[in-house]
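I have placed the structure first, in the form of structure tokens, so that the comments after it can refer back to it.
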Amino acid sequence: MTVFKTKKELQKFALETRRSGRTIALVPTMGFLHKGHMSLIDIARAKADVVIVSVFVNPTQFAPNEDFDSYPRDFERDAKMCEEHKVDVVFAPEPSEMYDADASTFVNEMMLSRPLCGASRPTFFRGVTTVVTKLFHLAQPDFAVFGEKDAQQLLVIKRMVRDLDFPIEIINGKLIRDEDGLATSSRNRYLSQDERQRALAIHQSLLGAKAAIIADPGKIDVALHNAKAVITAAGGRVDYVSALDTETLEAPTKKTRRLIVAAAAFFGTTRLIDNEMFDL
Ligand code: PAF
């Protein structure tokens with residue numbers, strides 16, 4: 001396994017790989033890898049000749065009041081896990097390598113990035129689409145794998161790839177849960193034992209809402225109200241609990257075939273997200 005720290009090295013490697021006729025799969029990450037990431041890497045491994053994993057805590061997707069500085073980092077551990085999962089290249093640049101100090105070009109998706117996390121984190125998706133565009137140009141992948149845990153991010157990236165004609169196939173990886181039901185996330189590291197126990201209410205609230213909506217699709221509002229109450233009763237502070245059409249991320253209509261019930265909530269100072277997607 002090779003570790004590249006510079007954009008030049010990665011792009012040279014990627015172009016040579018493509019010229020030699022081998023396919024590339026990219027898994028973009030912010031490191032502090034867990035079994036959710038590993039499932040994405042395994043999908044990439046099965047799909048392409050060469051697997052590239054980027055490990056980069058991207059400053060442009062954090063607002064000034066967010067956790068960029070404290071975001072968990074452990075590169076040695078990440079590299080070991082990548083090696084165990086037969087990754088070919090890890091790309092781990094410093095922020096100053098990735099962005100020139102006077103960088104002034106950004107990529108913006110203007111529809112799907114508005115609701116849910118985009119409403120409470122207005123610059124988040126701009127940072128994601130910008131860094132993912134840069135990673136696509138550097139790693140030149142045929143395939144890129146993103147997890148359904150970040151369902152809105154996945155939709156935004158698919159829309160960007162469609163709208164800007166990137167010759168890349170985006171592959172979904174299933175949301176992976178720990179045994180207790182908590183969605184795997186690098187931010188789970190912030191939770192105290194007590195907070196972690198209480199945070200299980202997020203998934204429980206989504207399962208309750210899903211069951212209620214399937215039983216009576218006419219009463220989505222009641223289902224969402226009850227889901228919020230479950231999180232609040234567990235001591236969580238709800239950012240949103242919403243049920244939207246998975247294609248438009250707008251309120252469901254008669255045409256809606258698949259629904260996402262998504263939640264974001266704070267336990268202590270940690271903001272967690274989770275979702276359930278299902279056919280109507
Ligand atoms: O999902 C993440 O970890 C990040 O948003 C991504 C896609 C690696 C971009 O920084």
Which one is nearest to Ile41 (Cα to Cα), of the residues in the range 112-156 that are of a type in the set (Lys, Arg) and in a helix (DSSP H, G or I)?
-> Lys149
Could you check Phe166 against (1) more than 15 Å from the ligand (Cβ to nearest atom); (2) assigned to a loop (DSSP other than H, G, I, E, B) and say which number it fails?
-> (1)
Do any residues in the range 235-253 that are closer than 17 Å to Ile273 by Cβ have Cβ atoms under 7 Å from those of residues that are among the basic types (Lys, Arg) and part of a strand (DSSP E or B), where the two are at least six apart or on different chains, and which pairs are they?
-> Asp239/Arg271; Thr246/Arg258
Residue list for the range 38-56, filter: free of Cβ contacts under 8 Å to residues at least 40 places away in the same chain and not charged (D, E, K, R) | Ala46, Val50, Val51, Val53, Val55
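Based on what the data block shows, is Ile202 within 12 Å of the ligand (Cβ to nearest atom) and either under 20 Å from Thr23 (Cβ atoms) or not in a strand (DSSP E or B) (or both)?
No, not satisfied.
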Do you know which residues across the range 245-264 are in contact with an Asp or Glu (Cβ under 6 Å, 6 or more places away or on another chain), part of a strand (DSSP E or B) and buried (at least 18 other Cβ atoms within 10 Å of the Cβ)?
-> Val261, Ala263, Ala264
In the range 7-29, how many are part of a helix (DSSP H, G or I) and within 16 Å of the ligand (Cβ to nearest atom)?
-> 2
Could you identify the single residue in Val156, Val107, Val145, Val131 that is among the β-branched types (Val, Ile, Thr) and either over 22 Å from Pro93 (Cβ atoms) or more than 13 Å from the ligand (Cβ to nearest atom) (or both)?
-> Val156
Residues Gln193, Gln197, Gln140: which one is within 21 Å of Ser54 (Cα to Cα) and away from the ligand (no atom under 14 Å from the Cβ)?
-> Gln140
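Only the coordinates and a few stated rules stand behind these numbers; no lab work does. All values derive from a computational prediction rather than experimental measurement. Cβ: placed from backbone, ideal geometry, glycine included. Neighbour counts: every protein chain shown.
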